[in-house]
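Asker: Sharing a structure with you now.
The values are calculated or read from the model by the stated rules, or taken from the named source; none is laboratory data. None of the values given here were measured: they were computed from a predicted structure. Cβ placement follows ideal geometry from the backbone for every residue including glycine, while neighbour counts extend to all protein chains displayed. The protein model used for the area step is the full one, side chains on, heavy atoms only, and it has no ligands, DNA or RNA in it. Shrake-Rupley method; radii C 1.70, N 1.55, O 1.52, S 1.80 Å.
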Number of protein chains: 6
Amino acid sequence: MSRIAVFPGSFDPFTKGHELLVKRYASLFDKIIIAVGVNSTKQYFFTLESRLNHIRSLFKSLDNIEVITYSGLTVDLCKEKKAQYLIRGLRNTTDFEFEKSIAQMNKTMTGIETLFLMTDAETAAIHSTIVREIKKNGGDISSFVTNSDQLIIS
Amino acid sequence: MSRIAVFPGSFDPFTKGHELLVKRYASLFDKIIIAVGVNSTKQYFFTLESRLNHIRSLFKSLDNIEVITYSGLTVDLCKEKKAQYLIRGLRNTTDFEFEKSIAQMNKTMTGIETLFLMTDAETAAIHSTIVREIKKNGGDISSFVTNSDQLIIS
Amino acid sequence: MSRIAVFPGSFDPFTKGHELLVKRYASLFDKIIIAVGVNSTKQYFFTLESRLNHIRSLFKSLDNIEVITYSGLTVDLCKEKKAQYLIRGLRNTTDFEFEKSIAQMNKTMTGIETLFLMTDAETAAIHSTIVREIKKNGGDISSFVTNSDQLIIS
Amino acid sequence: MSRIAVFPGSFDPFTKGHELLVKRYASLFDKIIIAVGVNSTKQYFFTLESRLNHIRSLFKSLDNIEVITYSGLTVDLCKEKKAQYLIRGLRNTTDFEFEKSIAQMNKTMTGIETLFLMTDAETAAIHSTIVREIKKNGGDISSFVTNSDQLIIS
Amino acid sequence: MSRIAVFPGSFDPFTKGHELLVKRYASLFDKIIIAVGVNSTKQYFFTLESRLNHIRSLFKSLDNIEVITYSGLTVDLCKEKKAQYLIRGLRNTTDFEFEKSIAQMNKTMTGIETLFLMTDAETAAIHSTIVREIKKNGGDISSFVTNSDQLIIS
Amino acid sequence: MSRIAVFPGSFDPFTKGHELLVKRYASLFDKIIIAVGVNSTKQYFFTLESRLNHIRSLFKSLDNIEVITYSGLTVDLCKEKKAQYLIRGLRNTTDFEFEKSIAQMNKTMTGIETLFLMTDAETAAIHSTIVREIKKNGGDISSFVTNSDQLIIS
């Protein structure tokens with residue numbers, strides 16, 4: 001049976017933190033599905049298309065990474081894709097408390113497990129929210145997002 | 001003098017976590033008032049009426065539980081109801097930091113004390129916010145809310 | 001049925017933080033038992049006798065406070081004393097995580113509940129460990145312990 | 001070279017917590033610039049003019065405190081003002097995790113350092129968000145904000 | 001290439017928390033090595049032999065679990081055993097901060113990755129230290145350790 | 001008046017984390033005193049002499065860094081040295097809670113202030129305790145301590 005994992009998020013944008021995590025997880029799974037959540041009631045800062053292109057370009061040399069969009073519950077996507085694991089990164093204790101609740105509620109509902117890696121030291125400070133705030137104020141986000149010029153503001 | 005406590009919240013919805021807390025507090029107080037906050041500038045996911053009916057149905061076998069609505073400051077409600085205590089649950093450190101600030105500001109303003117119980121392990125992961133998110137996406141929330149079919153979406 | 005609570009600790013020494021907590025809890029219970037744990041394999045900084053005298057002197061004007069020593073499991077003491085509650089203070093998130101584990105293990109073993117108050121702002125920084133360290137180095141601990149001259153170093 | 005620090009925030013309102021922090025930092029720097037951020041897409045509870053007047057009145061006896069408004073990135077303001085330091089307070093672990101990320105991202109972008117003091121015990125519970133909530137509900141905020149009658153609701 | 005993980009610890013004793021973690025990790029790896037650390041300068045509460053027998057008995061129905069002892073650095077053991085991963089559980093934020101440091105230092109030294117699962121709700125309160133304390137004081141630890149009667153006090 | 005700060009610790013050993021902190025603080029103060037605490041009842045892993053030589057060698061190009069030993073209370077040393085500030089680094093929330101208590105107790109006793117910088121990302125995982133553990137087990141600590149070969153085991 002092949003080991004399949006889903007890495008869910010809104011990735012607005014997909015930072016160096018996300019990028020490094022996927023690379024570290026890549027050897028553990030036969031396939032990793034990066035699943036970009038689309039919620040019709042939410043406004044995104046960067047266009048969906050540019051986010052998808054951006055993520056795909058980062059992993060074009062890796063065979064076992066797939067980038068898709070989804071709506072609805074993450075656990076339903078996992079069932080559909082026959083993924084046995086969700087994968088996430090942990091930056092700090094605020095992340096920890098939130099991720100613990102989500103992981104336990106997902107497990108209660110469907111039995112799916114969530115695996116964690118500690119975010120690397122050099123990227124642990126990067127938050128998509130702050131990256132957007134910097135971009136809005138005309139700052140340079142290239143320290144936090146690889147090939148950030150591929151992203152187009154909505 | 002009778003010991004009266006107020007358990008305030010928006011309870012949108014009232015989860016198994018809230019339910020278990022009230023049951024554990026019930027023997028400590030002569031009366032517990034479950035106070036559903038109503039804020040005219042806020043949108044709620046479930047209708048107020050269905051939330052009230054739902055909570056009342058959960059405690060119909062307990063004599064000393066009253067369910068009311070209120071607006072304005074929680075400490076003003078306590079004075080009006082001659083309640084000496086606010087009661088709350090603590091799930092994790094994020095809760096802890098927020099509840100500590102609220103409790104200390106309430107005490108500074110009016111001298112009212114806030115008592116805490118640690119949320120039980122089996123319900124500590126439940127957050128109303130996540131429960132609403134699951135419901136919005138068509139998921140089943142019956143693991144997290146007793147008699148969840150009594151709740152009506154606004 | 002009278003409401004009885006146990007406040008357990010080594011109280012080496014009993015600080016202003018402990019003192020204020022007991023005073024805040026005093027009106028909630030018919031009796032509070034301050035239980036000084038005695039562990040034959042542990043070394044204490046202040047003599048047991050002086051710690052007991054010190055605590056008793058602080059509460060001599062309160063009728064419903066009893067000060068005792070105990071060894072063995074705290075939950076066994078509660079059963080013996082017919083206490084339904086353990087009471088504790090929470091200073092910070094480190095306390096929180098430790099106290100949560102103890103409270104849940106005590107509840108699993110015997111069903112006994114632990115109630116919490118947030119430590120008051122002005123005493124939340126006080127740790128018995130640091131107080132002892134200050135005393136060892138010849139510092140003045142009177143800001144942290146009422147009537148600290150009653151305490152005798154072992 | 002003179003030591004210049006920027007204390008940035010929306011200060012909606014400027015609480016006793018902020019006030020005490022600036023007073024404690026005042027002797028360390030030749031000049032402290034209190035920089036009130038103005039974001040055109042954000043709604044503020046108190047008018048900008050009343051917030052500026054309020055803050056200036058609190059420090060009129062201190063020579064080295066300047067109060068200004070700014071928009072855009074905080075690090076750009078620092079460069080413009082030749083400030084080598086950002087200064088902030090830390091109330092609790094939630095603050096800590098957020099401030100750590102901001103401080104590290106600011107340092108990565110521009111090398112600017114952020115210094116921290118622990119908020120004093122008596123003001124650590126004060127959050128501008130809760131102060132606004134109290135005011136909205138007709139409560140008295142004078143325990144949390146000096147000369148709070150100078151503030152005018154937008 | 002087979003996926004091999006090491007689960008290191010002193011396991012004094014191996015609790016239901018540890019047991020459940022290994023079972024949840026078992027399907028992700030081709031082999032899991034439970035590595036009981038032996039440090040000649042440390043005193044253990046239960047005998048090494050009884051701890052080993054106890055752990056082995058818990059997993060006798062699982063083919064891919066090996067139980068060994070080791071001394072020295074955990075990362076050296078991983079290299080010797082050709083294990084690419086360390087696996088751990090996270091109960092709370094205190095665990096999180098400690099495990100994050102260890103994981104990052106291990107990665108800096110040897111490149112080895114540490115994977116985490118959130119400890120299940122029903123076992124997250126269990127700490128080996130508290131279990132030993134209960135046992136020392138004559139309490140019943142069978143709620144926290146499966147087949148606890150196999151363990152022999154040193 | 002010159003600005004003098006004390007950086008206290010046992011520095012067993014003085015890691016790259018400590019080193020980077022002092023360099024970042026150096027431009028803020030006229031003098032920084034690195035104060036190596038000596039406690040006659042404590043056992044240190046590296047000899048005091050080698051620790052002092054090691055620290056001095058790291059800062060020999062900086063004029064305003066002094067390295068001394070001290071015993072007794074840190075606040076007494078500050079008074080003696082006319083230092084107005086203690087300086088520390090914050091790695092994580094466990095550090096935060098501990099340092100907050102110490103800082104507030106020091107301020108209560110003597111009015112002395114403690115300033116904090118967030119430890120840099122690349123050194124935030126380094127703990128002296130773990131470094132000693134690695135050295136004891138024959139590991140290489142040169143990633144965590146500059147010129148670590150100058151240190152001599154006691």
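Asker: Would you tell me the mean number of C-beta atoms belonging to other protein chains that fall within 10 Å of each C-beta in A:133-142, as a whole number?
Answerer: 4
Asker: Is it possible to state the helix-based mean residue ellipticity at 222 nm for chain E, with each DSSP H run of 4+ residues giving -39500 (n - 2.57), the sum divided by total residues, to the nearest 500 deg cm²/dmol? What is it?
Answerer: Using -39500 (n - 2.57) per qualifying helix, the result is -11000 deg cm²/dmol.
Asker: Turning to a different aspect of this structure: Can you give the local net charge around residue D:17? Use residues other than it whose beta-carbon is closer than 12 angstrom to its beta-carbon, Lys and Arg +1, Asp and Glu -1.
Answerer: Net charge around residue D:17: +1.
Asker: A follow-up question, please. Mind listing the label-point distances from residue F:38 to the same position on all other copies, shortest first, one decimal in nm, points 7 Å along Cα→Cβ?
Answerer: So the distances to the same position in the other copies read 4.0, 4.0, 5.9, 7.0, 7.3 nm.
Asker: Computed on protein heavy atoms with a 1.4 Å probe, what is the summed buried accessible area for the chain pair B and D, in Å² to the nearest 100?
Answerer: Approximately 1100 Å², summed over both chains.
Asker: How far is residue B:63 from the same spot in each other copy, in nm, shortest first, if each label point sits 7 Å from Cα toward Cβ?
Answerer: 2.6, 6.3, 7.4, 7.4, 8.3
Asker: Still on this structure: Average partner chain C-beta neighbours within 10 Å, per residue of F:66-77?
Answerer: Across the residues of F:66-77, the mean count of other-chain Cβ atoms within 10 Å is 2.
Asker: Using Cα-Cα distances under 8 Å and only pairs 6 or more residues apart, what relative contact order does region C:4-150 have, in percent?
Answerer: The value is 33 percent.
Asker: Given the options E:47, E:62, E:93, identify the residue whose Cα lies farthest towards the positive end of the charge dipole of region E:44-143 (+1 on Cβ of Lys, Arg; -1 on Cβ of Asp, Glu).
Answerer: Result: E:47.
Asker: How far is residue C:79 from itself in the other copies, in nm, if each label sits 7 Å out from Cα along the Cα-Cβ line, shortest first?
Answerer: From this label point to the equivalent ones elsewhere in the assembly: 4.5, 4.7, 5.2, 5.2, 7.0 nm.
Asker: Still on this structure: Based on the Cβ-Cβ distance of residue F:108 and residue C:136, what FRET efficiency does E = 1/(1 + (r/R0)^6) give at R0 = 22 Å, to the nearest 0.05?
Answerer: That gives a FRET efficiency of 0.80.
Asker: In chain F, what percent of the accessible surface is made up of carbon and sulfur (1.4 Å probe, ligands and nucleic acids excluded)?
Answerer: The value for chain F is 48 percent carbon and sulfur by accessible area.
Asker: So, one more: How many Å² of accessible area per residue for the protein assembly as shown, probe 1.4 Å?
Answerer: That works out to 42 Å² for each residue.
Asker: For region D:38-43, take each phi angle, set θ = phi - 60°, evaluate the Karplus expression 6.51 cos²θ - 1.76 cosθ + 1.60, and give the result in whole Hz per residue in order, putting x for glycine and proline.
Answerer: Along region D:38-43, the couplings run 10, 10, 5, 8, 10, 9 Hz.
Asker: A further question follows. Setting aside same-chain residues fewer than 8 positions from residue B:136, which lysines have a Cα under 16 Å from its Cα?
Answerer: Qualifying lysines at Cα under 16 Å: A:42.
Asker: Turning to a different aspect of this structure: Return the whole-Å distance between the Cα centroid of region C:1-65 and the Cα centroid of region A:11-28.
Answerer: 53 Å
Asker: Give, to the nearest whole percent, the P(r) tail of region E:85-154 beyond 20 angstrom, counting all Cα pairs.
Answerer: 46 percent
Asker: Reachable lysines from residue B:60, Cα under 25 Å, same-chain residues fewer than 8 places away excluded?
Answerer: B:16, B:23, B:31, B:81, B:82
Asker: By a straight-distance test (C-alpha under 17 Å), which lysines pair with residue F:100 as possible cross-link partners, with residues fewer than eight away in the same chain excluded?
Answerer: Here the lysines satisfying the reach criterion relative to residue F:100 are B:100, D:100.
Asker: Something else about it: If you take the Cα atoms of the protein assembly as shown, find Rg, then find the Kirkwood Rh from the mean of 1/r over all pairs, what is Rg/Rh?
Answerer: 0.94
Asker: Separate question: Between residue A:40 and residue A:98, how high is the FRET efficiency from 1/(1 + (r/R0)^6) when r is the Cβ-Cβ distance and R₀ = 22 Å? Nearest 0.05.
Answerer: After rounding to 0.05, the efficiency reads 0.45.
Asker: Using a 7 Å offset from the Cα along the Cα-to-Cβ direction at both residue E:27 and residue A:122, what is the distance between the two label points in nm, to one decimal?
Answerer: Here the answer is 3.7 nm between the modelled labels.
Asker: Another question, then. With label points built 7 Å along Cα→Cβ from the Cα atoms of residue D:3 and residue E:129, find their separation and express it in nm.
Answerer: According to this spin-label approximation, the distance is 3.8 nm.
Asker: Note down the Stokes-Einstein diffusion coefficient of chain B in µm²/s, whole number, using a Kirkwood radius over alpha carbon pairs, 20 °C, and 1.002 mPa s.
Answerer: The estimated diffusion coefficient comes to 134 µm²/s.
Asker: Quick check for me: using +1 on Lys/Arg Cβ and -1 on Asp/Glu Cβ, what's the dipole size of chain F about its Cα centre, in debye to the nearest 20?
Answerer: 220 debye
Asker: How many partner chain Cβ atoms sit within 10 Å of a residue's Cβ in peptide D:110-120, on average, as a whole number?
Answerer: 5
Asker: Using only Cα atoms, locate the centre of region D:90-154 and the centre of region A:99-154, then give the distance between them in Å, rounded to an integer.
Answerer: Cα centroid of region D:90-154 versus Cα centroid of region A:99-154: 25 Å apart.
Asker: Calculate the radius of gyration of the Cα atoms of region C:1-86 to one decimal place, then report Dmax, the largest Cα-Cα distance, as a whole number, both in Å.
Answerer: Using the Cα atoms of region C:1-86, the pair Rg, Dmax is 12.5, 39 Å.
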